[in-house]
Amino acid sequence: MPIFDFLSGQFIDVIHWTDDTRDTMVWRFERHGHEIKYGAKLTVREGQAAVFVHEGQLADVFMPGLYMLETNNMPVMTSLQHWDHGFRSPFKSEIYFVNTTRFADLKWGTKNPVICRDPEFGPVRLRAFGTYSVRVTDPAKFLREIVGTDGEFTMDEISFQIRNIIVQEFSRTIARAGIPVLDMAANTRELGQLVARDIAPTLAEYGLSIPELYVENISLPPAVEEVLDKRTSMGVVGNLSQYMQFQAAEALGRDGAGAAAIQAGLGAGLGMQIGHQAAAQTGPWGARPVVEAAPAAIAPPPPPVEHVWHIAENGQTHGPYSKARLGRMVSEGGLTRDTFVWTAGQDGWKKAEDVAELAQLFTVLPPPPPGA
């Protein structure tokens, strides 16, 4: 009998699970042949639940605590299979540990823009993203509906499905909420609560719940945001006409010439105003005549361009000289009719008498006598 008790103690199981992966939702306790000894100790820690599956059928769910696996505390298992009270007859079952803590900081976002009808801008396209947390509230249902016989089930295997559920419900919520785009930033908390409430029944069918769901940002397409920024800038500027006048005056005032032009324009405008007032007050018998619209002033023609001239003598050139200087040179004898001259725009050197502009300089003197 003592030997029997010793051998029985050697085969007592201690069943427990410690998780350091932070993303494992379900882990199956591995035992060769799935043989669990009668009287084994089961430790279920806080944030865990243990699910017994016998021959493909869910038997019991154990919440946090320490359990001795015997027939007196496992009536469901007892009805499924009779246990002998010796170590020679272990029962074959599977134990799945389920993580019931929150899996936080999970991301969600809309792949494609959501088309909504805004009361101010009309049809708009919106994008949104945020975070959420999820936890297992019904381990038995979660094992039946999602996990199945997977020996190690992680959050990544179901996060994609949960994101699709969130995005679908968010699209419906934002479309029927009727909140203007400019007011959505002030209502992201309420939107998150509405989405979490509406998807709760769907997730409950999986044995899950969403304790938290946050809408971090709701954005418009880049082209619409650019137009909205321009509209905001116009609102900051205020009166656009006055702003343009201010900009023009500031640009002219940055240099001295601009300031002088402004002063000259002000002076001219003031003089014209005084002149019009004086003309309006005068008239025959002191009566004030009817003022008619003054015709538009005709701009004077531009002044003629004054040429300067170069002189070629003895293979050398000198100058340039103005026309008045050439006239004095004619009277002094330094310029004759046969002197070659040139000015800008003239086609080559010509005699002074052949240039119409200079030929008149020689009319004041009689031409040389014949044969001279």
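Observations
- Ordered by the number of other Cβ atoms lying within 10 Å of each residue's own Cβ, fewest first, 188, 110 fall into the sequence 188, 110.
- In plain terms, the residue of 117, 45 with the fewest other Cβ atoms within 10 Å comes first and the most crowded comes last, giving 117, 45.
- Exposure proxy order (Cβ contacts within 10 Å, fewest to most) of 184, 244: 244, 184
- Three-way shape call for the range 309-362 based on the alpha-carbon gyration tensor, with the a/c threshold at 1.5: rounded
- Here the range 94-148 is assigned +1 on the Cβ of each Lys and Arg and -1 on the Cβ of each Asp and Glu. Its dipole about the Cα centre then comes out at about 140 debye.
- For the range 309-362, relative contact order (Cα pairs under 8 Å, six or more residues apart, normalised by length) works out to 31 percent.
- Rg to Rh, two decimals, where the range 148-222 supplies the alpha carbon set and Rh follows Kirkwood: 1.05
Throughout, read-outs are computed from the coordinates displayed, never taken from laboratory work. Note that this is a predicted model, so its numbers are computed, not measured. Note that we place each Cβ from the backbone using ideal geometry, even for glycine, and neighbour counts take in every protein chain shown.
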